[in-house]
Amino acid sequence: LDGGAQFLTGLPQLDNLYRTSLLNLFLLRTKHAAAGTGGQDIYVVKPGATIYDSFWFRDGAYIINAMDVAGHPEEAEKSSRLLTDGALKGPLKEWGQQADGLWASPRGEWDSQGQALWTLIHHYELTGDAEWLLRNYESIRRGALWIKDATAQTKKLDAGGKRPITWGLLPKGVSEDTGSSAETYVYEHDFWVAFGLREAIKAAERLDRHDDVRWMTEAYKEFSVDLLASVRRAYDTTGGGKYIPGDPFDPELDINGDLAAVYPGRFLDPKDPMMKSSLARIAQHSQEYLYTWFKTLNNGDMWTYMTVDWAMCSLLADDLSQFYKLYKSYVAHASPTNGWPECIYVESRLGTGDTPHGWAAASYVLLHRNAF
C-alpha cells in the first residue's frame, strides 16, 4: 500500500479504514494464471469470499476505480483485463465482453455497459496511458455501439401513433436494486449507459477517431433527449411530482437508481428539483443515516455501500451537513475488523452478504479520497 496514494486525515479510525479497505480489495481477487491473450494473467475482482465469490460489473467497476484513485494503476490494469481480453474461455468468457460488444454479468443488467466504459476510460484519464487506450479502444467502440443499437430497439410508436414513455430507452432488463425481480425499463440502467457513452466519446476524441466521435456524439445527444423526456414524464405521473420512480410505471419500486443520475453519472445536476425531491424521499425513508430499502428481497434493511453514493450526491449538491452525517454513519457501521456487510437488519443488527464486502470496501476508498 505504501507505493500508492496516501490520503491521511490524522484520525486513526478513518486512516485505518482506508488502508484495510484497500487490503480487502486485493485479497478479494482471484488470479487466473495465463488465462488471457498471449498467456497474460487475468485478475478477477470479487465482492465476497463465499456467497459472492463471483463477478458482477457493478461491484467490479467500483472496485477497479478504487484501485485507480488510490494510486495503484498497475493493479487496476490487471483487474480490467477481464473487460477487454478477447481470448477468454469458460466462465471468464461469460464475464468478459461478448461478440456484439455487450458487457453483462449477469445478463439483463444493462447498467454494466456504462460501468465497464467508466472503468476503462477513467483508468486512462488517471494514467494518461495513450498506448493502453489504443490497445483497448476497439472494446470501447464496440461497447458504445451496443448502446446505440440497443436503444434503437425501443423506438416504436404506440397504437395511437405517438411516442411511448419508453421511447429510446434501453430494452427491458432486470435489477434487484429496484426491489423487484420483474423485467422492466430500469432508469438506473439508462443513467449508467448515458454516462458510458459520454466516457466513450472522450476516448474517441483522444485518439482522433473523428467518425466515431461523430456517431457517438449523435447517439448520446439523442439518447439524452429521450431519457430526460421519459424521466420528466415519469416524475410528474408515476412519481406524483415527488420523486423519480425506478421505472416509468411502478411507484413502489426502490429508487436507489436515482443516485446514479448524479453520482457518478452526472446526467442530472445535483440541484435539479427532481433530484432534490428524490434525495429527500430517500432521506425520509432512511434509518440511522443509511440508505434503507423500500422493498426488501432477502437483502436486509439498511444498505451500506449505497449510502456512499447518496453521500456523494449530497457532496456534489454542496449539502455538506448531510454529507457529513452520511459519512459518519458509514464509518459508525463498520465492523470491528474494518469491513462492512452488504446490508444490516435494523432489529437483529445482523449483516447479510459477505463481510468484508468488496463493493462496500471500494466505496469507502472512494468516499475517503473524494472527501478531500
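The values are calculated or read from the model by the stated rules, or taken from the named source; none is laboratory data. Note that the structure is a prediction, hence the values are computed from the model and not measured. Positions of Cβ are backbone-derived with ideal geometry, glycine not excepted, and every protein chain shown enters the neighbour counts. Note: accessible area is taken over every heavy atom of the protein model, side chains too, but ligands, DNA and RNA are not part of it. Shrake-Rupley method; radii C 1.70, N 1.55, O 1.52, S 1.80 Å.
With all protein chains in place and a 1.4 Å probe, the accessible surface of region 252-355 carries 51 percent carbon and sulfur.
A Gaussian network model of the chain, with springs between Cα atoms under 10 Å, assigns the largest mean-square fluctuation among Gly239, Gly36, Gly161 to Gly161. The phi torsions of region 80-96, fed into the Karplus equation with coefficients 6.51, -1.76 and 1.60 and a -60° offset, translate into couplings of 8, 4, 4, 7, 10, 6, x, 9, 6, 9, x, x, 5, 5, 5, 7, x Hz, rounded to whole numbers, with Gly and Pro shown as x. Normalised by the residues of region 214-322, what does the relative contact order come to in percent, with Cα pairs under 8 Å and at least six apart? Dividing the mean separation by the residue count of region 214-322 yields 18 percent.
Grab the other residues whose beta carbon is less than 9 angstrom from that of Ala200, score K and R as +1, D and E as -1, and report the net. Surrounding charge for Ala200 is +1. Across the cross-link table entries Lys46/Lys78; Lys148/Lys276; Lys148/Lys172; Lys89/Lys172; Lys162/Lys221; Lys78/Lys295, which are compared at the Cα atoms, the separations over 25 Å belong to Lys148/Lys276; Lys89/Lys172; Lys78/Lys295. Put simply, the amide H of Lys155, placed in the peptide plane, has neighbours under 5 Å in Gly168, leaving out anything fewer than 5 places away on its chain.
Ranked from largest to smallest solvent-accessible area, with a 1.4 Å probe on the protein heavy atoms, Leu28, Leu316 come out as Leu316, Leu28.
Taking the chain as a Gaussian network of alpha-carbon nodes connected by springs under 10 Å, the highest mean-square fluctuation of the residues Ala334, Ala204, Ala159 belongs to Ala159.
For Ser321, the accessible surface of its heavy atoms amounts to roughly 70 Å² (probe 1.4 Å, protein chains only, rounded to the nearest 10). The mean sequence distance of close C-alpha pairs (under 8 Å, at least 6 residues apart), as a share of the length of region 1-86, puts its relative contact order at 27 percent. Shown for region 81-236: the carbon plus sulfur share of the solvent-accessible area, taken with all protein chains present and a 1.4 angstrom probe, equals 49%. For His122, the solvent-accessible surface computed with a 1.4 Å probe is close to 40 Å², ligands and nucleic acids excluded. Using the rule -39500 (n - 2.57) for each DSSP H run of four or more residues, divided by the residues of the chain, the 222 nm mean residue ellipticity is -16500 deg cm²/dmol. Lys242 contributes about 140 Å² of solvent-accessible surface, heavy atoms of the protein only, 1.4 Å probe.
The structure shown yields percent of Cα pairs over 27 Å apart, and of the options (1) 50; (2) 58; (3) 46 that calculated value carries the label (3). The order of Arg58, Arg19 by accessible area, most exposed first and with a 1.4 Å probe, is Arg19, Arg58.
Accessible surface for region 159-235, divided over its residues, is 43 Å² per residue with a 1.4 Å probe.
Looking at region 153-193, the GluC sites (Glu not before Pro) that sit in a DSSP loop and have at most 15 other Cβ atoms within 10 Å of their own Cβ are Glu183. In the full protein context, region 279-352 carries 44 Å² of accessible surface per residue, based on a 1.4 Å probe and ignoring ligands, DNA and RNA. The charge dipole of region 116-184, taken about its Cα centre with unit charges on the Cβ of Lys, Arg, Asp and Glu (plus for the first two, minus for the last two), comes to roughly 500 debye. Solvent-accessible area per residue in region 37-137 equals 34 Å², computed with a 1.4 angstrom probe and all protein chains kept.
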